[in-house]
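Report on one structure; see the data block that follows.
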Amino acid sequence: MTTAANDTPRSDTPAPDEDLIRDFLRRHTKVSWENDQDIFATGAVSSLFAMQLVVFLEKTFGVTIGGAELRLDNFRTIGTMTALVDRLRTPAAGGGGD
C-alpha cells in the first residue's frame, strides 16, 4: 500500500524499532512475525514472556514501562509495542517522570 509523501509507509518499510523488536522475537521464539500478528494468540509465547519483552523494550529503547502501560494489549503485536515505545519517548504524552 502506498502512502502520501508526508506519511511514513509503515506497512511497506519497517521502522528500525520494528526491526529490533521483530529480531528479538525471532531469536526467542524461532518464528517470523508480521507487524499485526498477535504473538500471544498464536500460543508461541506465554504471558511470562511479556516480562522479557518489558525488559528488552526498556533497555533497548531507554524507556520505563510501568503503571497503566503494563497491559498485555501493549505487547500483543510488533505494531503495539512500537506504538508503546513511541508514546513513552514523547515527553508531551503526559508520561510520568519524577
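Separation of the range 14-43 and the range 52-75 by C-alpha centroid, Å? Each part's Cα centre sits 15 Å from the other's.
Scalar couplings 3J(HN,Hα) for the range 40-53, obtained by applying the Karplus form with A = 6.51, B = -1.76, C = 1.60 to θ = phi - 60°, are 8, 5, 6, x, 6, 9, 10, 5, 5, 5, 4, 5, 4, 4 Hz; x denotes Gly and Pro. Across the range 68-82, computed HN-Hα scalar couplings (Karplus, 6.51 cos²θ - 1.76 cosθ + 1.60, θ = phi - 60°) run 5, 6, 7, 10, 4, 4, 6, 10, 5, 9, 4, x, 6, 5, 5 Hz from first to last residue, x flagging Gly and Pro. Using the average count of surrounding beta-carbon atoms within 10 Å as a protection proxy, the listed peptides 36-45, 73-82 rank, highest first, as 73-82, 36-45. One decimal place: the segment Leu70-Thr29 gains 12.6 nm when fully extended, by the rule 0.36 nm per residue minus the C-alpha distance.
Computed from the coordinates by the stated procedures, all read-outs in this text should not be read as laboratory data. Everything numeric here is computed off the predicted structure, so don't read it as measured data. With ideal geometry, Cβ positions are generated from the backbone for all residues, glycine too; neighbour counts draw on all protein chains shown.
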